[in-house]
């Protein structure tokens, strides 16, 4: 039996890190892989180009695959704005759950302005997007999942309810 990988995807500010932290608290055996932390190691001066994003996301998926092969449970905290990266994880990792955090863009922007614990995420991301930076949902596309195992509307669902929904799905694996 291999470990499970849970990819939490959604726009910046949709609640990915908040849900990942709460899920880890409820399931201490999980390892959180954060794209923003990985990016600082792989590309310390990121350009956010398409080719750079592809390399970094492939590295993230590879890391999750190797950890699950060793029976570790993994939470992937990453926007994953293109479906092909999430599909790669789905195709490589036997026990995979995709969680889409749906949240109105306006609410994501509001949350980003108030963010205290950044988890290495860039500051003022939506302000940068308005200036032309390749921010998913603003300049870069965000391809919503077609068939995620779970969809959570984070503007309407509490963290506690979200963790209960995810916990039930994990137990049903």
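The numbers here are math on the coordinates, done by the rules we state, and not lab data. Quick caveat, the model's predicted, so the values are computed rather than measured. No Cβ is skipped: glycine too gets one built from the backbone with ideal geometry, and neighbour counts run over all protein chains shown.
The slack in the chain from residue 110 to residue 29, taken as 0.36 nm per residue of separation less the alpha-carbon distance, amounts to 25.9 nm.
Label region 59-118 by shape, choosing from rounded, prolate and oblate, from the square roots a ≥ b ≥ c of the eigenvalues of the Cα gyration tensor; if a/c is under 1.5 it is rounded, and otherwise prolate applies when a/b is larger than b/c, oblate when it is not.
Values: a/c = 2.89, a/b = 1.99, b/c = 1.45.
Judged from the Cα gyration tensor, region 59-118 comes out prolate (a/c at least 1.5, a/b above b/c).
Structural descriptor for region 15-88: relative contact order 43 percent, calculated from alpha carbon pairs under 8 angstrom and at least 6 residues apart. Peptides 24-31, 159-166, 3-10, 100-107 ordered by packing proxy, namely the average of other Cβ atoms within 10 Å per residue, highest first: 3-10, 100-107, 159-166, 24-31.
Ordering of 73-82, 137-146 by packing is 73-82, 137-146, highest average first (other Cβ atoms within 10 Å, averaged per residue). Quick one: if the Förster radius is 30 Å, what FRET efficiency do residue 70 and residue 144 give, using the C-beta to C-beta distance and rounding to 0.05? So the FRET efficiency works out to roughly 0.45. What shape does region 12-106 take by its C-alpha gyration tensor, where a ≥ b ≥ c are the square roots of the eigenvalues and a/c under 1.5 counts as rounded, a/b above b/c as prolate, and the rest as oblate? Here region 12-106 falls in the rounded category. Any chance you could list P(r) for the chain, counting all Cα-Cα pairs in 10 angstrom bins from zero, rounded to whole %? Cα pair-distance distribution for the chain, in percent: 10, 41, 38, 10, 0. Which residues does the label zone of residue 47 cover in region 126-143, counting backbone N under 15 Å from a point 7 Å along Cα→Cβ? Zone members listed by number: 134.
Roughly speaking, what is the stretch gain from residue 127 to residue 2, that is 0.36 nm per residue apart minus the C-alpha to C-alpha distance, in nm to one decimal?
40.9 nm
Summary value for region 5-171: 35 percent relative contact order, contacts being C-alpha pairs under 8 angstrom separated by 6+ residues.
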